[in-house]
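Notes for the one structure printed next.
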Amino acid sequence: VQLQASGGGLVQAGGSLRLSCAASGRTFSRYDVGWFRQAPGKEREFVAAINWSGSNPYYTESEKGRFTISRDSAKNTVNLQMNSLKPEDTAVYYCAVKVSGGGWSLRTNEYAYWGQGTQVTVSS
């Protein structure tokens with residue numbers, strides 16, 4: 001599975017961005033998908049995930065109510081709508097696919113395929 005993340009950019013605090021993760025080589029409609037981010041000097045951290053059926057999305061506490069993850073099976077994409085962005089959301093955002101089944105995971109090492117990342121910068 002090849003993943004392509006897009007939609008990042010520069011936005012002012014309080015603004016919105018919509019990230020998209022497109023898959024090629026194989027449909028990822030059967031797999032759980034997660035979004036992670038990595039800020040300079042920090043470890044990659046979990047942001048949100050959705051299981052293969054599109055149900056049961058999960059967010060960390062700081063993203064709950066601001067971010068929405070969704071699947072578009074027709075376009076073979078998983079999207080991350082980010083609203084009310086804060087400067088601390090600044091990072092490179094990565095999408096990843098977990099093929100081992102059992103639902104989404106917060107652990108980076110359980111995801112087998114990763115996109116190249118898209119930069120999100122939120123100015124204050």
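The values are calculated or read from the model by the stated rules, or taken from the named source; none is laboratory data. Please read these numbers as outputs of a predicted model, since none were measured by experiment. As a convention, Cβ positions derive from the backbone with ideal geometry for all residues, glycine included, and neighbour counts pool all protein chains shown. Just so you know, the surface numbers come from the protein's heavy atoms only, side chains and all, with ligands and any DNA or RNA stripped out. Shrake-Rupley method; radii C 1.70, N 1.55, O 1.52, S 1.80 Å.
All of LYS42, LYS86, LYS98, LYS64 fail the test of being over 27 Å from SER123 (Cβ atoms) and among the basic types (Lys, Arg), apart from LYS98.
Taking the condition of being in a loop (DSSP other than H, G, I, E, B), at pLDDT 95 or above and either among the basic types (Lys, Arg) or open to solvent by less than 30 Å² (accessible area, probe 1.4 Å) (or both), how many residues in segment 9-28 meet it? Spell out how you get there, then give the answer.
Here is the first cut: in segment 9-28, the residues in a loop (DSSP other than H, G, I, E, B) are 13-16, 25-28.
From what is left, the residues that are at pLDDT 95 or above are 13-16.
With the extra rule that they be either among the basic types (Lys, Arg) or open to solvent by less than 30 Å² (accessible area, probe 1.4 Å) (or both), the set shrinks to 15.
Selection size over segment 9-28: 1.
Close contacts from segment 84-110, counting a first residue that is under 15 Å from GLY54 (Cα atoms) and a second that is open to solvent by 40 Å² or more (accessible area, probe 1.4 Å) and assigned to a helix (DSSP H, G or I), with Cβ to Cβ under 6 Å and a gap of 6+ residues or different chains, come to LYS98/GLU110.
Going through (1) closer than 16 Å to GLY8 by Cβ; (2) of a type in the set (A, V, I, L, M, F, W, C); (3) open to solvent by less than 30 Å² (accessible area, probe 1.4 Å); (4) not in a loop (DSSP other than H, G, I, E, B) one by one, VAL97 falls short only on (1).
State all residues of segment 78-89 that are open to solvent by less than 70 Å² (accessible area, probe 1.4 Å) and farther than 21 Å from GLY102 by Cβ; if no residue qualifies, say none.
Scanning segment 78-89 gives ASN79, LEU80, GLN81, MET82, ASN83, SER84, LEU85, PRO87, ASP89.
The residue list SER84, SER124, SER100 contains one member that is touching a helix residue (DSSP H, G or I) at 6+ places or on another chain (Cβ under 8 Å) and over 17 Å from PHE46 (Cβ atoms), which is SER124.
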